[in-house]
Amino acid sequence: MRCCCESLLRQEGVYDVQKERIVWRVLAHDREIPSLIDALKMRGASVELLESVEVKDLDFNGSSSDLLLTALEEGYFDVPRRVSTNELARKLGKSPATLSITLRRNVKKILKHCAMLYAS
């Protein structure tokens, strides 16, 4: 499984500025948090983990997370898209219908869990 640190560090709008600090909310596996903290420190940031919340039943296997990360990195979720469903499906060796359904199911799963995190 690839680490999502570099993708997270390139994202815009995933943080809030609060009391002269940047506060990020990150949805990641426990094993990825140290890599993210190290990547931020290597860029000169002072890092403090304020809270960690366990999310249960976010059952992602390696292929699901790899698929989502590939779609993200290829620009599938950009506006405008940098890669079409057909192009991404061809790169991944899937049919466009299968890719679309799989991405929607995985994104829905993430959104449901994010909504629960932000609601708490």
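At-a-glance table
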item: Index of the failed condition, L58 passing every other in (1) in contact with a helix residue (DSSP H, G or I) (Cβ under 7 Å, 6 or more places away or on another chain); (2) at pLDDT 70 or above; result: (2)
item: The range 92-108, subset part of a helix (DSSP H, G or I) and among the small types (G, A, S), residue surrounded by the most Cβ atoms within 10 Å (Cβ to Cβ); result: S100
item: The range 90-120, subset of a type in the set (A, V, I, L, M) and under 11 Å from A71 (Cβ atoms), residue modelled with the lowest pLDDT; result: V107
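The values are calculated or read from the model by the stated rules, or taken from the named source; none is laboratory data. Computed from a predicted model, the values in this text were never measured in an experiment. Glycine also receives a Cβ, built like all others from the backbone with ideal geometry; neighbour counts cover every protein chain displayed.
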